[in-house]
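Before any comments, here is the structure.
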There are 2 protein chains.
Amino acid sequence: MAELNGNLLVAQSGGPTCVINASVAGVITEAGRHECIENIYGGLNGILGILNEEIVDLGDEKRSAVEGLKHTPAAALGTCRYKINFQKKPEQAAKDMDRLFEVFNAHNIRYFFYAGGNDSQDTAHKIHLEAVKRGYDMRVLGVPKTIDNDLPCTDHCPGYGSVVKYNCATVTEVGLDVGSMATDDGSCCIIEVMGRAAGWIAAGTVLAKQGNPANPPHIILLPEIPFDEDAFLARVKETVAAQKYCIVVCGEGLKDKQGEEIGADKTRLDAFGHAVLAGASEKLKEIVQGRLNLKTRTVLLGYAQRAAAHLASQTDSDEAFACGGAAVRAAVEGKSGFMPKIVRLSTNPYRWTIELEDLANIANVEHFIPRDWVSEDGFLPNEKFVEYAAPLIVGEVKVPYINGLPHYVTLDKSKVDKLLPPRA
Amino acid sequence: MAELNGNLLVAQSGGPTCVINASVAGVITEAGRHECIENIYGGLNGILGILNEEIVDLGDEKRSAVEGLKHTPAAALGTCRYKINFQKKPEQAAKDMDRLFEVFNAHNIRYFFYAGGNDSQDTAHKIHLEAVKRGYDMRVLGVPKTIDNDLPCTDHCPGYGSVVKYNCATVTEVGLDVGSMATDDGSCCIIEVMGRAAGWIAAGTVLAKQGNPANPPHIILLPEIPFDEDAFLARVKETVAAQKYCIVVCGEGLKDKQGEEIGADKTRLDAFGHAVLAGASEKLKEIVQGRLNLKTRTVLLGYAQRAAAHLASQTDSDEAFACGGAAVRAAVEGKSGFMPKIVRLSTNPYRWTIELEDLANIANVEHFIPRDWVSEDGFLPNEKFVEYAAPLIVGEVKVPYINGLPHYVTLDKSKVDKLLPPRA
C-alpha cells in the first residue's frame with residue numbers, strides 16, 4: 001500500500017459519553033507518530049460542522065489538553081445527530097455528499113475518523129463508499145462509541161463500562177439510603193436509566209448486587225422484555241416483604257405487551273424520527289403507588305449518567321483511547337471502511353485486543369441482550385451477563401479537582417481558515 | 001459537675017446524608033475515650049426502634065467498620081420520620097415518652113445523642129426537657145444533620161457540602177454534554193434538586209459556574225422566590241441565544257406567585273403532613289417546550305444526590321465527625337439540651353470551630369437564604385452566597401473500590417437483649 005500524505009480529520013457524532021474524548025485523544029496521539037499525516041484537524045459538531053467547513057487545528061492544542069481529554073466527558077469537538085439520508089431525503093443527501101467532498105478536497109483530508117454509534121457508523125460507511133466511488137483517495141474509519149452498547153461485532157462499546165459503573169454506584173447508594181429509611185411501611189424507588197431499544201445499560205446495574213441477592217437492584221426492567229404489570233407488582237410486594245424496600249431499575253424504552261413504550265410521549269419525535277421518551281419511571285411510580293399503596297420515589301439520571309466522568313471506568317477509558325489509536329494505525333496501513341472492535345481474549349483475567357470490522361457489518365445493525373443472559377422471569381440478568389459485564393467497570397479514572405470540583409479540559413479550537421464559499 | 005456513669009445511646013433520624021454516619025463515627029470514637037461511658041449503644045431506626053427496644057452494641061463493631069462509617073452514605077443504624085407530637089396526638093405522645101424513659105432506664109442510658117434535622121432536634125429537645133422534668137439524670141444532645149442546610153444558628157449543616165459538591169459536578173458534566181450537543185436549534189436541560197422550603201441546595205449549584213458567567217447553571221430557581229414564568233422564559237431564550245443551550249437548576253419546592261408548589265401532587269402527604277412533591281422539572285419542561293418550542297430534557301437526582309458518598313466533601317465529612325465528637329465531650333462535661341454548631345472563624349482561608357447552641361433555639365426553626373445573597377432578578381445567587389458556600393465542597397473523601405464499585409461498610413449490629421415487655 002502506497003503511503004498516503006495529507007491531513008487528518010476527526011469528528012464526533014451522536015450522544016456523547018464519558019470516554020468519546022479519550023478516543024479523540026487516541027487519534028491525536030497516534031496521528032502524531034506518523035509523518036504521512038500532515039495536519040491533525042477536528043470537525044466541529046460532526047458532519048454538520050464539516051458541511052459548514054468548521055474545522056479546527058488539533059495540532060495547536062496543548063499536550064496537557066490532549067491528555068485531559070482522557071478524563072473529560074461530552075464531545076470536546078461538539079457533536080450532532082445530523083444524518084445523510086438517501087432514503088428519505090435523496091436530494092439533500094446527494095447535495096450533502098458533494099459538499100463534504102468539496103470540504104475534504106479543499107483541506108486535503110486523506111484520513112477521516114468518525115466516532116459514534118449506529119447511525120454514525122452508517123455515515124462513516126457511506127462516506128467510505130462515496131470516496132471509493134469518486135476515486136478520492138481517503139481512508140475512512142469509524143470509531144466505536146455508545147453508552148447503549150448496541151453495536152454488533154464488537155464485544156462491547158466504549159462508553160458502556162463507564163455508564164454502568166456510575167449507574168451501579170448510584171443504585172448502591174440509593175439502595176443504602178432507601179433501605180435505611182425503610183420502616184414497617186416499606187418503600188420503593190424506581191431508577192430510570194437510558195436505553196431506548198436495547199437494555200444493556202439497565203442490565204448492567206445488576207453488578208451492583210455484587211453477587212448478593214438481597215442487594216439492590218431487586219428488579220431490572222429491560223426494553224427487550226414486554227412489561228407484565230401483575231408479575232412486576234407481585235415481585236415488588238415480595239421484595240418489600242423480605243427486605244422492607246425495593247429498588248427497581250428500568251430502561252427508558254420499557255414496552256408493554258403490545259410493544260408500546262410505557263413512557264413514550266408520542267407527540268414529539270427526535271431528528272432520527274424516534275419517539276421522544278419521558279417518564280417510564282413516573283408511569284411505574286403511578287402503578288406501584290396506585291395498586292400497592294407503597295411510598296414510591298423516582299430517580300431520573302438522564303444525561304448525568306453518560307457524562308459522569310468523575311466516576312468513569314479506567315478500563316473503558318483505556319479501550320476508548322486504544323480504539324482511536326487503532327483506527328489511525330489501520331488507516332496508515334491503507335485500510336478504509338472499517339471500525340476497530342474490541343475482542344475479548346479472556347474474562348478471568350480480563351484481556352482484550354482490537355481487531356477491525358467491516359463497516360458494512362456494523363452500520364444500522366442493533367445488538368440486543370441474548371435472552372438466555374436474563375432470568376426466565378425476565379426480572380434480572382443472570383450469571384452469563386454478570387461474567388460478561390463485570391470486567392468493564394473495573395478501575396477508576398483519576399480526575400483532577402480544583403476548588404472541590406472535577407476539572408475538565410476545554411480545547412482552544414483554533415479555527416482553520418475557510419477555503420470555500422458558504423454551504424448553499 | 002459530678003461524673004455520670006452509664007451507657008450511651010446514639011440514633012439517627014430523618015432523611016439520610018452522605019455524612020450522617022461520620023457523625024456517628026465521631027460519637028463512637030470520642031465515647032471510647034471516656035471511662036464514665038460504659039457501653040456504646042445504637043438505636044435502630046431512630047426513636048421508632050428505641051420505642052421497640054431495638055438496640056445494638058456499637059462497642060462490638062470492628063474498628064474498620066467504625067472507620068468506614070466516615071465514607072458510608074445513608075443511615076447505618078436506620079432512620080425514621082416518626083415524631084412525638086404533643087400537639088396533634090397528645091395521648092400517643094405521652095405514651096411514647098413514658099416508653100422511651102422505660103427503655104432508657106432499663107438500659108441505664110445516661111447519654112443520648114440524636115442526629116437529625118429540624119424535626120429531630122425538636123425531638124431531642126423534648127426528650128431533654130422530659131428528662132429534667134422526670135429527674136432522670138441523662139444528657140441529651142442533638143447532632144446536626146441535613147442536606148437542606150436549614151437549621152438556624154449553625155453556619156451550615158453537615159450533609160450540605162456533600163450534596164452541593166455532587167450536584168455541582170453533575171451540573172458541570174450535564175452542561176458539557178448538553179453544550180456539546182447544542183447545534184443551531186439549541187436545547188435546554190432542567191435539573192431538579194432537593195429542597196422543599198429552603199433553596200440552599202439549588203443555590204449551591206452556582207459554584208459550578210466557577211466564576212464564569214457563561215458556565216452552567218444559567219438559571220437557578222429557588223423555592224423562596226416566586227416563579228415568574230415570563231421572566232424565566234425570557235431568560236432561557238436569552239441564554240440559548242448566547243450559549244446555544246441553557247441549564248436550569250430548580251429546587252423541588254419551587255412555588256408560583258400564589259405560593260402553590262408548581263410540582264406538588266396534593267393527593268399525597270408524607271408522615272409529617274407535607275404535600276409529596278413530584279415533578280417541578282417536568283412542569284418546567286412542559287412550559288419551555290410548549291412556549292419556546294425548545295428541545296428540553298430533565299434530570300431528577302432524587303435520593304441519589306444525598307447518598308452520593310463517592311463524591312462527598314472531605315470538609316463536610318470532617319465537620320460531621322467533629323460534631324459527633326463535640327456532642328460527646330459536651331455531654332461528659334455535664335451539658336444537656338444542646339446541639340454542636342459550626343462557627344466560621346474565617347472564610348479565606350476557611351477555618352471553623354464548634355460551639356454549643358441551646359436546642360430551644362434550633363427546634364422547628366427554618367433558616368432561609370438571605371434575599372440579598374441572590375441577584376435582584378432572583379435567577380442566581382450572588383458573590384455573597386458564593387463566598388459562603390465555596391469552602392464547604394473542598395476536598396474529596398477517599399472511598400475504597402472493590403471490583404470497580406465504591407465499597408461501603410455495613411455494621412454487624414449485634415443486638416442488645418431486650419429487658420422489657422413489647423411496646424403496648
Quiz item: From the label point of A:Lys88, set 7 Å along Cα to the beta carbon, how far off in nm is each other copy's matching point, shortest first?
Solution: 5.3
Practice problem: Treat the count of other C-beta atoms within 10 Å as a stand-in for reagent exposure and order B:Phe86, A:Phe379 from fewest to most. | Solution: B:Phe86, A:Phe379
Self-check item: Length-normalised contact order for the range B:160-308 - Cα pairs under 8 Å, 6+ apart - percent
Solution: 30
Self-check item: Alpha carbon centroid spacing (whole Å) that separates the range A:121-168 from the range B:385-408
Solution: 35
Self-check item: Dimensions (Å) - chain A, Cα atoms, principal axes, largest first
Solution: 71, 44, 41
Practice problem: Please report the base-10 log of the normalised intensity I(q)/I(0) for the range B:160-308, using a Debye sum with one equal scatterer per alpha carbon and no solvent, at each q in 0.12, 0.13, 0.19 (1/Å). | Solution: -0.45, -0.53, -1.14
Practice problem: Take every DSSP beta bridge whose two residues both sit in the protein assembly as shown, then give the antiparallel share in percent to the nearest 5. | Solution: 40
Practice problem: Between chains B and A there is a rotation axis; tell me the chain B residue with the nearest beta carbon and how many whole Å away it sits. | Solution: B:Leu300, 2
Exercise. With just the Cα atoms of the range A:330-424, tell me how far they stretch along each of the three principal axes, in Å, largest first.
Key: 60, 47, 31
Quiz prompt | Using alpha-carbon coordinates, inclination of helix B:280-292 to the longest axis of chain B, degrees | solution = 0
Quiz item: What are the distances, in nm and sorted shortest first, from the label point of A:Asp358 to the label points of the same position in each other copy, with each label point placed 7 Å from Cα along the Cα-to-Cβ direction?
Solution: 8.5
Quiz item: Where Lys and Arg each count +1 and Asp and Glu each count -1, what net charge lies around B:Asp150 among other residues with Cβ under 12 Å from its Cβ?
Solution: -2
Quiz item: Arranged by the count of other C-beta atoms within 10 angstrom, fewest first, what order do A:Leu311, B:Leu301, A:Leu233 take?
Solution: A:Leu233, B:Leu301, A:Leu311
Practice problem: Any chance you could run the full-extension gain for A:Thr353 through A:Glu38? It's 0.36 nm times the residue separation minus the Cα-Cα distance, nm to one decimal. | Solution: 110.6 nm
Quiz item: Using Cα atoms only, what is the angle between the long axis of helix B:20-31 and the major principal axis of chain B, expressed in degrees (0 to 90) to the nearest 10?
Solution: 30
Quiz prompt | the range B:4-104: trypsin sites (Lys or Arg not before Pro) falling in loop per DSSP and having at most 11 other Cβ within 10 Å | solution = B:Arg33, B:Lys62, B:Lys88
Quiz item: How many percent of DSSP beta bridges within the range B:160-308 run antiparallel, rounded to 5?
Solution: 20
Quiz prompt | Antiparallel bridges, percent of DSSP beta bridges restricted to chain B (to nearest 5) | solution = 40
Practice problem: Could you work out which residue, out of B:Ala11, B:Ala75, B:Ala182, moves most in a Gaussian network model of chain B, that is, has the largest mean-square fluctuation with Cα springs under 10 Å? | Solution: B:Ala182
Self-check item: In the range A:13-69, GluC sites (Glu not before Pro) in a DSSP loop with at most 11 other beta-carbon atoms within 10 Å
Solution: A:Glu35
Self-check item: Value at 222 nm in deg cm²/dmol, rounded to 500, when DSSP H runs of n ≥ 4 in chain A each add -39,500 (n - 2.57)
Solution: -10500 deg cm²/dmol
Exercise. Find which of A:Gly279, A:Leu207, A:Ala264 sits farthest along the positive direction of the dipole of the range A:160-309, computed with +1 on the beta-carbon of Lys and Arg, -1 on that of Asp and Glu, about the Cα centre.
Key: A:Leu207
Quiz item: Can you work out the FRET efficiency for the pair A:Lys95 and A:Asp412, with r the C-beta to C-beta distance and R0 = 35 Å, to the nearest 0.05?
Solution: 0.65
Quiz item: What is the fewest-to-most order of B:Asp98, A:Asp316 by other Cβ atoms lying within 10 Å of their Cβ?
Solution: B:Asp98, A:Asp316
Practice problem: Return the long-range amide H neighbours of A:Gly404 (sequence gap of 5 or more, or a different chain), with a cut-off of under 5 Å between placed amide H atoms. | Solution: B:Gly395
Exercise. Give the Debye-formula value of log10 I(q)/I(0) at each listed q (0.11 Å⁻¹), with one equal scatterer per alpha carbon of the protein assembly as shown, two decimals each.
Key: -1.23
Quiz item: Of all GluC sites (Glu not before Pro) in the range A:337-384, which ones are in loop regions per DSSP and have a Cβ with at most 15 other Cβ atoms within 10 Å?
Solution: A:Glu366, A:Glu376
Quiz item: Cα axis of helix A:314-332 to longest principal axis of chain A: angle in degrees, 0 to 90, nearest 10?
Solution: 30
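Read the figures in this text as sums done on the coordinates, not as results from a lab. In this text the structure is predicted, and so the values were computed from the model without any measurement. Please note: Cβ atoms are built from the backbone with ideal geometry, for glycine as well, and neighbour counts cover all protein chains shown.
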